[in-house]
Amino acid sequence: MVKKKYLIVISVAIITVGVFLRVFNFSDWLHFELDQARDARIVNLAAEEGIGNLPLLGPKAAGSFLRLGPVFYYFEYFSAEIFGNTPDGIAVISLIFSCLTLPLFYFFVRRYFSQKISLMLLFLFSVSLFLIMYSRFAWNPNNLPFFVLAASYALLRAVDHGEKKRGWWLVAAAVALAIATQLHFIAFLALPLIAGAFLLIKHPHINWKFWLLAAAVIVFFYIPPVINDIKTGGGNISEFKKIFVKKSAKDGDKYSLTEKIIKNAGETAIGYFIIQTGYQKAELPVVKESAPFKFDIVCDKNCKKNILPGMIAALLIISGVVLFFVNFFSRKEARQRDFLIISALWFLASFALFVPIAYNLAPRFFLLVAPLAFVFFGLLLEFAEKKKILLVGYLLFLAIVASNGWMIYQRFSELAAASRESFKIESDKIIKERERVTLEQQLKIIDYIEKIYQQNKYPVYVNSEAFWRRAFLYHLEQRNIPRDDFRNTGKNVYARGNYFLIYPSDKTAEEIAHKYSDRYFIFESRDFGTLRLVRLTPKTKSVNVPEQIFEPEKKPISAPGVPVRCRWNEIFNKCNPDEIIGDEAEL
């Protein structure tokens, strides 16, 4: 056992490292793209025109019109009020939750593992490139690790017979569950299953008043979506049944259930490996079912090149799962068995829910199960300790630390260079970026555009990749510069206008401006690291309108068929079916 004073020093040192990696150059290197700009506009409306403009529903579940609960927007609003109504100020709340996840993870794994192994796992959790990158910007799934861990830990305390305040821990679990289920659709499905099954298995004897209070807490957090559906005739809840149909429709009948299960197993192995090591090149063969119970194994050139780390990833998760179930049937101590029960439910429920969408799994889905990747590795360390081969465990631990250290160095170097140098990145299996683009870089471009605008006071027209277009328009809006999406000009060519194209700098100015060459000249091309700004000027013969007249801004118009999202200031009035706060509409 580590002495208490040394335990405090070591744990604080580890957490300090983890916090440093999350806060270092947080503002300058912020990831601020399509979804972040959309959410920032929603928060901006409430911050500038009153809290009543916050919506009753949250972000959409990807691939559908179903909306989650709005708690994420409320977090962002209070972050904006405290830390500033700026992209980085809005994101601070996500950073805080990420940092708080570190000590919470230690308390969680300490329910099962020794102090030494728990500290080792905490260090791995702190330096995980996967978790670090999802800590450094605002997005509703990014807070999942904290609230899923909080719910799991609180449930473990709620069923612990040695715990004196089990009722209050049950209420705490309800708070965490109510929030976590509003952060991602898979969490909305998985967490009630996990918590419900765990409580049924353990059937803890807790005073009925606490059960009632826990239920009231969940109802309280879901009041906004309920009000919204009452006012709109169930428009949002009617989308619920469509979500998995839409997710699976991408695959049609191309893949059998067996293929999806095998694919999910491979994706899970690779996903857990990325979470543990930060290494993103590992590959596994594709398994195709050519006939019932007959399979073809396909491994292309890239697969053959990277199959060794893929096999290591598969071996790690298989070893962890095997040890997990061996321990599950051998451990007698109540606290450890409870830990294994809730972890088993966590793993099985998420795995089952990933199967229908196995061919469309995005990296963010693994935020739901990220802590389990370290739990499985902890079982390997524990096994090595028991078998007197701890040196092997230490070498594995150091290899994972070194892997994450190198990957963090590479990623941070790219982020530092993004605003100065043009370079290509390899496949990004964490955030799925195609280019390294930072907030610092975006603001340098906006500073330059603003300088030109101040010279002639002409409206600004911008086009860019979908990832950044909305972000650039948001920045211009924040500076009160008349602007529009370049694509919205249609056939109009305004004599008085500042026209800009912002695209990756690996393209020449001519390639970027190709679609506009019949009506515009290239006035200048300027590099901002990984992005190139091309300024256009209209050809005289193409000009057909002197200047666009901008009317007072209206709230964005929703797309046809999108369920109405009301705001708090509309709960006693009719919700305008044509106005939804900047989610579907192009800015």
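The values are calculated or read from the model by the stated rules, or taken from the named source; none is laboratory data. Keep in mind that this is a model prediction, so the values were computed, not measured. Methodologically, a virtual Cβ is constructed for each residue, glycine included, from the backbone with ideal geometry; neighbour enumeration extends over all protein chains shown. For the accessible areas, the whole protein counts, side chains as well, though only heavy atoms, and no ligand, DNA or RNA atoms are used. Shrake-Rupley method; radii C 1.70, N 1.55, O 1.52, S 1.80 Å.
The set of residues from the stretch 321-367 being in contact with a His (Cβ under 9 Å, 6 or more places away or on another chain) and not aliphatic (A, V, I, L, M) comprises Arg364, Phe365. Of the helices (runs of 4 or more DSSP H) entirely within the stretch 187-287, those holding at least 1 residues that are modelled with pLDDT of 90 or more, surrounded by 16 or more Cβ atoms within 10 Å (Cβ to Cβ) and small (Gly, Ala, Ser) occupy 208-221, 257-277. In the stretch 402-425, the residues that are without any contact (Cβ under 8 Å) to a residue 24 or more places away in the chain and more than 14 Å from Ser128 (Cβ to Cβ) form Cβ pairs under 7 Å with partners that are outside any loop (DSSP other than H, G, I, E, B) and of a type outside the set (A, V, I, L, M, F, W, C), at six or more places apart or across chains, as follows: Ile425/Glu414.
When the stretch 308-317 is filtered for residues that are of a type in the set (A, V, I, L, M) and without any contact (Cβ under 8 Å) to a residue 40 or more places away in the chain, the ones remaining, listed by number, are Leu308, Met311, Ile312, Leu315. Working carefully through the options Phe486, Phe467, find the one that is within 28 Å of Asn85 (Cα to Cα), open to solvent by less than 70 Å² (accessible area, probe 1.4 Å), in contact with a helix residue (DSSP H, G or I) (Cβ under 6 Å, 6 or more places away or on another chain) and not aliphatic (A, V, I, L, M). Being within 28 Å of Asn85 (Cα to Cα), open to solvent by less than 70 Å² (accessible area, probe 1.4 Å), in contact with a helix residue (DSSP H, G or I) (Cβ under 6 Å, 6 or more places away or on another chain) and not aliphatic (A, V, I, L, M) holds for just one of Phe486, Phe467, which is Phe467.
If the condition is being among the polar types (S, T, N, Q) and open to solvent by 10 Å² or more (accessible area, probe 1.4 Å), then the stretch 332-376 contributes Gln336, Asn360. Note on the stretch 150-176: residues that are open to solvent by less than 30 Å² (accessible area, probe 1.4 Å), among the aliphatic types (A, V, I, L, M) and either modelled with pLDDT under 95 or under 30 Å from Ile357 (Cβ atoms) (or both) total 8. Counting only helices (runs of 4 or more DSSP H) that sit wholly inside the stretch 19-138, those with at least 3 residues that are surrounded by fewer than 22 Cβ atoms within 10 Å (Cβ to Cβ) are 34-49, 71-83, 87-109, 115-126.
Looking only at residues that are of a type outside the set (S, T, N, Q) and surrounded by 15 or more Cβ atoms within 10 Å (Cβ to Cβ) in the stretch 316-327, which one is farthest from Glu163 (Cα to Cα)? Selected residue: Leu316.
Taking the criterion of being of a type in the set (Ser, Thr, Tyr) and in contact with a strand residue (DSSP E or B) (Cβ under 9 Å, 6 or more places away or on another chain), the only residue of the stretch 68-82 that qualifies is Tyr73. Applying the criterion of being polar (S, T, N, Q) and not in a helix (DSSP H, G or I) to the residues of the stretch 431-471, the residue that is nearest to Ser505 (Cα to Cα) is Ser464.
For every residue, the table says whether it meets (1) more than 22 Å from Ile42 (Cα to Cα); (2) out of contact with any Ser or Thr (no Cβ under 9 Å at 6 or more places or on another chain); (3) of a type in the set (Phe, Trp, Tyr).
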position	(1), (2), (3)
Thr489	yes, yes, no
Phe521	yes, no, yes
Ser525	yes, no, no
Pro538	yes, yes, no
